[in-house]
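First comes the structure, then the notes that go with it.
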Amino acid sequence: MNPFKITHRDPSGARLGKLKTAHGTIETPFFMPAATKATGKHITTDDYQHLGANVITKALIANAFILSLRPGLEIVQKAGGLHLFMNFPEVIFTDCGGFQMSRGMFEQKTKNGLHFRSPFDNQKVVLTPRKIMEIELKLGSDVAMMLDDMSSYGVSFEEAKQAMENTHRWGSESLSIHQALREHYQSKQLLFGIVQGNFYPELRKESAKFISALDFDGIAIGGVAIGEPLDKMYKAVDAALPFIPKNKIRYVMGVGSPVELLELIARGIDCFDSVYPTQNARHGTLFTREGTLSVKQGKYAQDFTPIETGCGCHTCHHYTKAYLRHLLTIDEPAAKRLLSVHNLYFVQRLILDAKEAIKEKRFAEFKEGFKRNFGR
RNA sequence: GCCCCGGUAGCUUAGCGGUGGAGCGGUUGGCUGUUAACUAUUGAAAGAUACCAACAGGUCACCAGUUCGAACCUGGUCCGGGGCG
């Protein structure tokens, strides 16, 4: 049974919907901040729910494979599952660890899975579809991601094809194992498939067809926003989209910037996650309606106004640019928290506004208006 | 009044006769399913790493002299710190 229902459509292709999970129904489109290790960086799960006026983070994504290494499954299970462990009562996605593959921590890739050394204790670990499905079910997240093989930007067609075929094999295995184990664990966890294919449109098409043919609860497009130029990212998504059923929830992994979010929403994408807002915040780049600004710049040393006048976030309500710049300059961790709060609020607020626009069937206009002010 | 020490980029300083280096700060970019900072990771250890990159900052206090050549040696002046009277 499809847990996703579309409720509104905009002429642009953007849509509103509802995804039913074990921890409530969440409206789409939505953006998930990363809580890789069961927390954000400098941001607590509690902060995520108190970013500012009228904005609540409804979903987070944690990393199943990293959590399985530390603190380990037993501890999370003893805590009563991931939601209780990390004090987040809303929807939690878990990522499988496929993305970490591109980060050079894996020793070798085989047809059966991934062989690597744990970054924590250097133990050899093998990750297989069965293992990752067990891990995700034991963690108790609402949505599990299948184990995929993500190739890096710039690899050859052959290499991309190989990774895609691994992804397909692991996808089939993940699905059947998950279906079997879901009963055993008495879980209502959803499982999403992941389309790969790098930046070769014919592979994207093939992958979209293959993954869509399997009975996943949602379809993700992975392997984008990994260093490629923007137009290539859109092309990769566009190559896959026609072959993904419209009635399933569609998730583009790893995106992104405010403009990218709107561009993908216009294409009918419902779900996102990215580190982009928080990583930029930590490095001093803040989002405003008029574009980005870098509080590190000396010109803000005596600017006693908020990052963005009229912003409803906690940070803009209580702190000035001069103060935030001071904190950042002396490397106080509080700066990273306060700046992250602003950027996360900005993105969540943007999605809320986008939803309003879709409801009123004026999304294209809304998107162009935003781009005009924001730039890029 | 005398003696000692010092004056090198916005700040802290290395260089001590052969065409001015560094760290911090500054400026400008970049960050997209985060192994990415206050205590952690890695290493047997000494240690190493703390987001990355590029760029811009200097008549080496001043004036004379010695020398082929002076931030560097000599004399004087000014400024700062300390000591003795």
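Is there any pair linking a residue in region A:51-74 that is more than 21 Å from residue A:251 (Cα to Cα) to one that is of a type in the set (Phe, Trp, Tyr) and surrounded by fewer than 18 Cβ atoms within 10 Å (Cβ to Cβ), with Cβ under 6 Å and at least six apart or on different chains, and which?
What qualifies is A:69/A:120; A:70/A:120.
Can you tell me which residue in region A:255-273 is farthest from residue A:344 (Cα to Cα), limited to those that are touching an Asp or Glu at 6+ places or on another chain (Cβ under 9 Å) and surrounded by fewer than 23 Cβ atoms within 10 Å (Cβ to Cβ)?
Among those that are touching an Asp or Glu at 6+ places or on another chain (Cβ under 9 Å) and surrounded by fewer than 23 Cβ atoms within 10 Å (Cβ to Cβ), it is A:267.
Here's the yes/no breakdown for (1) aromatic (Phe, Trp, Tyr); (2) out of contact with any helix residue (DSSP H, G or I) (no Cβ under 8 Å at 6 or more places or on another chain); (3) more than 14 Å from residue A:98 (Cα to Cα); (4) outside any helix (DSSP H, G or I):
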position: A:131; (1), (2), (3), (4): no, yes, no, no
position: A:134; (1), (2), (3), (4): no, no, yes, no
position: A:138; (1), (2), (3), (4): no, no, yes, no
position: A:159; (1), (2), (3), (4): no, yes, yes, no
position: A:162; (1), (2), (3), (4): no, yes, yes, no
position: A:181; (1), (2), (3), (4): no, no, yes, no
position: A:186; (1), (2), (3), (4): no, yes, yes, yes
position: A:191; (1), (2), (3), (4): no, no, yes, yes
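Condition first: within 9 Å of RNA strand B (Cβ to nearest atom), more than 21 Å from residue A:19 (Cβ to Cβ) and either free of Cβ contacts under 8 Å to residues at least 24 places away in the same chain or of a type outside the set (A, V, I, L, M, F, W, C) (or both). Now tell me which residues in region A:204-228 satisfy that.
The answer is A:223, A:227, A:228.
Please go through region A:51-76 and pick out each residue that is out of contact with any helix residue (DSSP H, G or I) (no Cβ under 6 Å at 6 or more places or on another chain) and more than 26 Å from residue A:358 (Cβ to Cβ). Talk me through it step by step, then tell me what you get.
Step one: filter region A:51-76 for residues out of contact with any helix residue (DSSP H, G or I) (no Cβ under 6 Å at 6 or more places or on another chain), giving A:53-54, A:56, A:58-63, A:65-67, A:69-72, A:74-75.
A:62, A:63, A:65, A:66, A:67, A:69, A:70, A:71, A:72, A:74, A:75 - these are the residues of region A:51-76 that are out of contact with any helix residue (DSSP H, G or I) (no Cβ under 6 Å at 6 or more places or on another chain) and more than 26 Å from residue A:358 (Cβ to Cβ).
Only one of (1) under 19 Å from the mean Cα position of the chain (by Cα); (2) among the aliphatic types (A, V, I, L, M); (3) crowded, with 18+ Cβ neighbours inside 10 Å is not met by residue A:56, so which one is it?
(3)
Do we find that residue A:204 is buried (at least 24 other Cβ atoms within 10 Å of the Cβ), at pLDDT 95 or above and charged (D, E, K, R) in this structure? Don't jump to the end; show me each part of the working.
On the way: buried (at least 24 other Cβ atoms within 10 Å of the Cβ): yes; at pLDDT 95 or above: yes; charged (D, E, K, R): yes.
Spelling it out, residue A:204 is indeed buried (at least 24 other Cβ atoms within 10 Å of the Cβ), at pLDDT 95 or above and charged (D, E, K, R).
Any residue in region A:263-281 that is more than 15 Å from RNA strand B (Cβ to nearest atom), small (Gly, Ala, Ser) and touching a Leu at 6+ places or on another chain (Cβ under 8 Å)?
yes
Quick check on residue A:344: is it within 14 Å of RNA strand B (Cβ to nearest atom) and either buried (at least 22 other Cβ atoms within 10 Å of the Cβ) or not in a helix (DSSP H, G or I) (or both)? Can you show your working first?
On the way: within 14 Å of RNA strand B (Cβ to nearest atom): yes; either buried (at least 22 other Cβ atoms within 10 Å of the Cβ) or not in a helix (DSSP H, G or I) (or both): yes.
Answer is yes for this residue.
For region A:245-259, give me the residue count where each residue is within 16 Å of RNA strand B (Cβ to nearest atom) and under 21 Å from residue A:148 (Cβ atoms). Full working, then the answer.
Of all residues in region A:245-259, those within 16 Å of RNA strand B (Cβ to nearest atom) come to A:249-259.
Narrowing further to those that are under 21 Å from residue A:148 (Cβ atoms): A:249-256.
Final tally of qualifying residues: 8.
For residue A:288, indicate whether it is β-branched (Val, Ile, Thr), without any contact (Cβ under 8 Å) to a residue 40 or more places away in the chain and more than 11 Å from RNA strand B (Cβ to nearest atom).
Working: β-branched (Val, Ile, Thr): yes; without any contact (Cβ under 8 Å) to a residue 40 or more places away in the chain: no; more than 11 Å from RNA strand B (Cβ to nearest atom): yes.
Criteria not met by residue A:288.
To keep it simple, each residue is scored yes or no on (1) without any contact (Cβ under 8 Å) to a residue 40 or more places away in the chain; (2) out of contact with any helix residue (DSSP H, G or I) (no Cβ under 9 Å at 6 or more places or on another chain); (3) basic (Lys, Arg).
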{"site": "A:313", "(1), (2), (3)": "no, no, no"}
{"site": "A:319", "(1), (2), (3)": "yes, no, no"}
{"site": "A:329", "(1), (2), (3)": "yes, no, no"}
{"site": "A:347", "(1), (2), (3)": "no, no, no"}
{"site": "A:352", "(1), (2), (3)": "no, yes, no"}
{"site": "A:356", "(1), (2), (3)": "yes, no, no"}
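The rows are residues; the columns are (1) within 16 Å of residue A:143 (Cβ to Cβ); (2) part of a loop (DSSP other than H, G, I, E, B); (3) more than 10 Å from RNA strand B (Cβ to nearest atom); (4) modelled with pLDDT of 95 or more.
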{"site": "A:11", "(1), (2), (3), (4)": "no, yes, yes, yes"}
{"site": "A:17", "(1), (2), (3), (4)": "yes, no, yes, yes"}
{"site": "A:20", "(1), (2), (3), (4)": "yes, no, yes, yes"}
{"site": "A:40", "(1), (2), (3), (4)": "no, yes, no, no"}
{"site": "A:68", "(1), (2), (3), (4)": "no, no, yes, no"}
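All but one of (1) crowded, with 18+ Cβ neighbours inside 10 Å; (2) touching a Ser or Thr at 6+ places or on another chain (Cβ under 9 Å); (3) more than 21 Å from residue A:191 (Cα to Cα) hold for residue A:85; which doesn't?
The number of the failed condition is (2).
Taking region A:193-221 as the region of interest, how many residues are assigned to a loop (DSSP other than H, G, I, E, B) and of a type in the set (Ser, Thr, Tyr)? Please lay out each step first, then the result.
Filtering region A:193-221 down to residues assigned to a loop (DSSP other than H, G, I, E, B) leaves A:196-200, A:214-217.
Still in the list and also of a type in the set (Ser, Thr, Tyr): A:200.
Total satisfying the criteria: 1.
Determine if region A:178-185 includes at least one residue that is out of contact with any Ser or Thr (no Cβ under 8 Å at 6 or more places or on another chain), crowded, with 20+ Cβ neighbours inside 10 Å and at pLDDT 90 or above.
Yes, the conditions are met somewhere in region A:178-185.
Between a residue in region A:19-34 that is β-branched (Val, Ile, Thr) and any residue that is not in a strand (DSSP E or B), which pairs come within a Cβ distance under 6 Å, given they are 6 or more apart or on different chains?
So the pair list comes out as A:21/A:142; A:26/A:58; A:28/A:270.
The values are calculated or read from the model by the stated rules, or taken from the named source; none is laboratory data. Note that the structure is a prediction, hence the values are computed from the model and not measured. Don't worry about glycine lacking a Cβ; one is built from the backbone with ideal geometry, like all the others, and counts go over all protein chains shown.
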